[in-house]
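The values are calculated or read from the model by the stated rules, or taken from the named source; none is laboratory data. A quick note: this is a predicted structure, and the numbers were derived from the prediction, not measured. All Cβ positions, glycine included, derive from the backbone under ideal geometry; neighbour counts span all protein chains shown.
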Amino acid sequence: MDVPPRVLTVAGSDSGGGAGIQADLKTMLALGVHGMSVLTAITAQNSLGVQGAWELPVEAVRAQYRSVVDDIGVQAVKTGMLSSAELVVTVAELLAGTDAPVVVDPVGVSKHGDPLLAASALDSVRTKLLPAATVATPNLDEVAQLTGIEVRDEAGMRRAAEAVLGFGPRWALIKGGHLAGDAVDLLTDGDEEHWLRAPRHDNRHTHGTGCTLASAVASGLAQGKTVPEAVLAAKEYVTGAIAAGFALGSGIGPVDHGWRFR
């Protein structure tokens with residue numbers, strides 16, 4: 001029997017099922033790859049926000065990673081919530097020894113504004129994690145955290161991409177979803193430049209968008225797509241998932257990872 005491409009997510013758990021490990025695995029299943037996971041933290045989370053977070057020991061993270069990679073192998077890795085400098089450094093070291101493309105989603109805050117990365121970890125993200133990335137996928141809040149650049153327009157996105165690339169990833173995908181107008185993202189390696197545009201859907205239920213996009217990019221890379229091809233396909237998938245996002249609880253609901261099956 002044919003074995004599907006294998007993608008590993010290294011991220012935190014979202015008990016509400018809309019983001020984090022849960023969103024990553026749903027995305028991977030929807031896109032035809034085999035998803036595997038390394039949990040870095042457990043959160044108590046719902047549609048209203050994050051009520052608590054508990055980081056796993058470095059030894060547990062390292063053991064999960066080695067268990068999967070050494071036996072099963074991977075065609076791509078995606079990172080999400082890493083929470084502390086110690087975890088960031090550990091994961092960066094693991095990635096450096098893995099021969100597979102890496103998508104880094106430098107998660108800083110939740111959809112509701114809850115902090116998911118210690119301020120003390122930012123320098124480790126810049127100097128250890130981003131240099132290991134094939135693609136880095138910061139949103140505008142994360143761009144500000146990492147570079148100090150406050151993006152207010154598309155020209156600012158270009159400046160942000162240049163600053164992010166300065167930390168060492170091969171490609172930067174600057175997500176402009178927080179700007180007014182169409183949902184526009186910029187993908188660049190410093191030479192090529194790809195602007196990805198989609199109509200903005202009038203739907204507040206967008207929990208898990210960033211996790212879903214990064215996992216979709218990793219899934220495309222595992223299937224042998226080039227970075228621009230993988231990002232374009234991921235953008236199309238996420239746009240559909242946002243359009244189909246649904247109410248859950250009394251706050252912000254998730255995107256619909258299974259929208260293509262409906």
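Before moving on, here are some points about what is shown:
- Within the stretch 1-15, being more than 15 Å from residue 83 (Cα to Cα), modelled with pLDDT of 95 or more and surrounded by fewer than 23 Cβ atoms within 10 Å (Cβ to Cβ) holds for 4, 5, 6, 15.
- Any hit, the stretch 138-156, residues being part of a loop (DSSP other than H, G, I, E, B) and within 17 Å of residue 235 (Cα to Cα): yes
- Residue in the stretch 147-158 that is closer than 27 Å to residue 94 by Cβ and either out of contact with any helix residue (DSSP H, G or I) (no Cβ under 6 Å at 6 or more places or on another chain) or acidic (Asp, Glu) (or both) present: no
- Members of the stretch 70-89 that are surrounded by fewer than 21 Cβ atoms within 10 Å (Cβ to Cβ), touching a residue at least 12 places away in the same chain (Cβ under 8 Å) and in a helix (DSSP H, G or I): 85, 86, 89
- When each of 220, 253, 224, 240 is tested for being farther than 15 Å from residue 201 by Cα, surrounded by fewer than 22 Cβ atoms within 10 Å (Cβ to Cβ) and either among the aliphatic types (A, V, I, L, M) or modelled with pLDDT of 95 or more (or both), the lone residue that passes is 224.
- Single residue of the stretch 32-48 satisfying the filter (of a type in the set (A, V, I, L, M, F, W, C) and assigned to a loop (DSSP other than H, G, I, E, B)) that is farthest from the chain's Cα centre (by Cα): 48
- Listed by position, the strands (runs of 3 or more DSSP E) enclosed by the stretch 169-217 include none that has at least 2 residues that are at pLDDT below 90.
- Selection within the stretch 218-248 - assigned to a helix (DSSP H, G or I) and small (Gly, Ala, Ser): 218, 219, 220, 222, 230, 233, 234, 240, 241, 243
- Scanning the stretch 135-162 for residues that are under 14 Å from the mean Cα position of the chain (by Cα) and either surrounded by fewer than 20 Cβ atoms within 10 Å (Cβ to Cβ) or of a type in the set (A, V, I, L, M) (or both) yields 135, 136, 140, 141, 143.
Yes or no, residue by residue, for (1) charged (D, E, K, R); (2) within 14 Å of residue 76 (Cβ to Cβ):
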position: 201; (1), (2): no, no
position: 207; (1), (2): no, no
position: 214; (1), (2): no, yes
position: 221; (1), (2): no, yes
position: 235; (1), (2): yes, no
